[in-house]
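S.K.: So that we are looking at the same thing, I have put the structure below in structure tokens.
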Amino acid sequence: MTILRYSKIVTSIVLLCFVIMVVGITGCSNSPAPKPLPGMPDSTDNPGVNGAGKMMMPSRMIIGYYENPWPGTPDKTGSFPSMKSFAKSMTGVGPFWYKATKDGNVEAKDSQLVYDTARDLKLRMYPLITNKTGSTEELLGNPEVRSKAINNIVKLVQEKQYDGINIDFELLPPAQRNNLTSFMAELYPKMQALNKTVIISVFPQVDVAEDVSGAYNYPELAKNADFLQIMTYDNHWSTSNPGPIAPIDWYEKNIKYAIDNCGGPQKVIIGVGLYGYDWVGKEGETITYVDAIVRAEQHGAKIMYDEKVQAPHFSYKDHEVWFENDKSIAAKLDIIAKYNPAGIALWRLGQEQPEVWPLIDSKFPKK
């Protein structure tokens, strides 16, 4: 009887120790929850900070670029209706609001209505900072101006409580390659200290002229940004010969090149163009999907679809029109899904065929 009682006491002590150990390992511990392995995306939609102080991003980023309406028209035109209607399909917006100048200042054309609406819709905001025409040499080449611009960008992000920034410096001479890298190397740690996301928009590299693409050093820029957003559109542009905006073989080659040269798919956001051009000779006018359909109907033009390049097109009088529709976007989303990058960026909200949104939801869902 004494031995049995002793055995029960020992058994109870062992069980109690086991329970304490389990509780200590799980919910009652003050230790932080386990974090994803380096390079693995966070499983939630909300960015956080991992053990190394590094930003953890949502499993997929779906960013819609927001362009202001034409001068003199209300804020509720332009990209606004699409932003409101399809916010549920996006994780963030990139307003086209800011320009860095040759004296290091940042010019603004922001909208409080759009800002408040985006916040109400729970969209993260990564505004674009573009280089004002004529500013590049001083902005990137003069260290004092460069530092001033960077400090002004950081101040802007802090004051507006943006979730990050998108550096969109375009049409840079190849001679600015090292200066652009230096700009990002100075900006990035300051943004990291604030736990803000840094995106840089870059031109594609495959079958793109050196004078357009040469300033973008993918491997070095990848070290100094969270993501490179590849502008995989404008293979034919407003002053080129008519042709598809983003032929599918060119599209895939540039996605693969970016992933191979940026350190993996988790560093890359793929651009998706939603627009078209109406050319007369080598003069092209930017048009929306609706513009294209209306012009085809007005002129009795039959819309054709080129299966090789995966793009719709038609001609009328001396005009040639190429644009994007749900079929051409579906083909691009299939390629994107194949490589599983960090996200997509849509240029721009308001230009698209509405039917592309269910495709984005099904082929490239947020999670």
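S.K.: Just to verify a result, which residue in region 297-339, among those that are acidic (Asp, Glu) and within 23 Å of the chain's Cα centre (by Cα), is surrounded by the fewest Cβ atoms within 10 Å (Cβ to Cβ)? Walk me through it before giving the result.
M.R.: In the first step, residues of region 297-339 are kept if they are acidic (Asp, Glu); the result is 297, 306-307, 318, 320, 324, 326, 334.
Still in the list and also within 23 Å of the chain's Cα centre (by Cα): 324, 326, 334.
Working: Glu324: 28, Asp326: 17, Asp334: 15.
Only one residue fits best here, namely Asp334.
S.K.: Given the structure, is Ile287 in contact with a strand residue (DSSP E or B) (Cβ under 6 Å, 6 or more places away or on another chain), under 30 Å from Ile165 (Cα atoms), crowded, with 20+ Cβ neighbours inside 10 Å and not charged (D, E, K, R)?
M.R.: The answer is no for Ile287.
S.K.: Another question, then. Of everything in region 156-169, what is in contact with a strand residue (DSSP E or B) (Cβ under 9 Å, 6 or more places away or on another chain) and either assigned to a helix (DSSP H, G or I) or exposed (fewer than 14 other Cβ atoms within 10 Å of the Cβ) (or both)? Give them in sequence order.
M.R.: In the first step, residues of region 156-169 are kept if they are in contact with a strand residue (DSSP E or B) (Cβ under 9 Å, 6 or more places away or on another chain); the result is 156-157, 160-169.
Correct list: Leu156, Val157, Lys160, Gln161.
S.K.: Considering only residues that are under 23 Å from Lys267 (Cα atoms) and aliphatic (A, V, I, L, M), which ones fall in region 329-367? Full working, then the answer.
M.R.: Within region 329-367, the subset under 23 Å from Lys267 (Cα atoms) is 329-348, 360-367.
Within region 329-367, Ile329, Ala330, Ala331, Leu333, Ile335, Ile336, Ala337, Ala342, Ile344, Ala345, Leu346, Ile360 meet the criteria.
S.K.: Residues of region 219-240 being under 12 Å from Ala258 (Cβ atoms) and either more than 16 Å from the chain's Cα centre (by Cα) or among the polar types (S, T, N, Q) (or both), which ones?
M.R.: As a first pass, look at region 219-240 and keep what is under 12 Å from Ala258 (Cβ atoms): 219, 221-222, 227-232.
Scanning region 219-240 gives Pro219, Gln229, Thr232.
S.K.: Continuing with this model, one more query. With respect to Met61, is the statement that it is modelled with pLDDT under 50, closer than 27 Å to Pro365 by Cα and crowded, with 19+ Cβ neighbours inside 10 Å true? Before you say what the answer is, go through the steps one by one.
M.R.: On the way: modelled with pLDDT under 50: no; closer than 27 Å to Pro365 by Cα: yes; crowded, with 19+ Cβ neighbours inside 10 Å: yes.
Criteria not met by Met61.
S.K.: Suppose we filter Lys267, Lys363 for residues that are at pLDDT below 95 and either surrounded by fewer than 22 Cβ atoms within 10 Å (Cβ to Cβ) or farther than 26 Å from Met90 by Cα (or both); which single one remains? Break it down stepwise before answering.
M.R.: Numbers: Lys267 fails: at pLDDT below 95.
Selected residue: Lys363, the only one of Lys267, Lys363 that is at pLDDT below 95 and either surrounded by fewer than 22 Cβ atoms within 10 Å (Cβ to Cβ) or farther than 26 Å from Met90 by Cα (or both).
S.K.: Just give me the residues in region 179-192 being surrounded by 14 or more Cβ atoms within 10 Å (Cβ to Cβ), under 14 Å from Lys223 (Cα atoms) and not charged (D, E, K, R), in sequence order.
M.R.: Answer for region 179-192, where residues must be surrounded by 14 or more Cβ atoms within 10 Å (Cβ to Cβ), under 14 Å from Lys223 (Cα atoms) and not charged (D, E, K, R): Leu180, Thr181, Ser182, Phe183, Met184, Ala185, Leu187, Tyr188, Met191, Gln192.
The values are calculated or read from the model by the stated rules, or taken from the named source; none is laboratory data. Predicted model, so just to flag it, every value in this text is computed and none were measured. Heads up, the Cβs are rebuilt from the backbone with ideal geometry, glycines too, and the neighbour counts pull from every protein chain shown.
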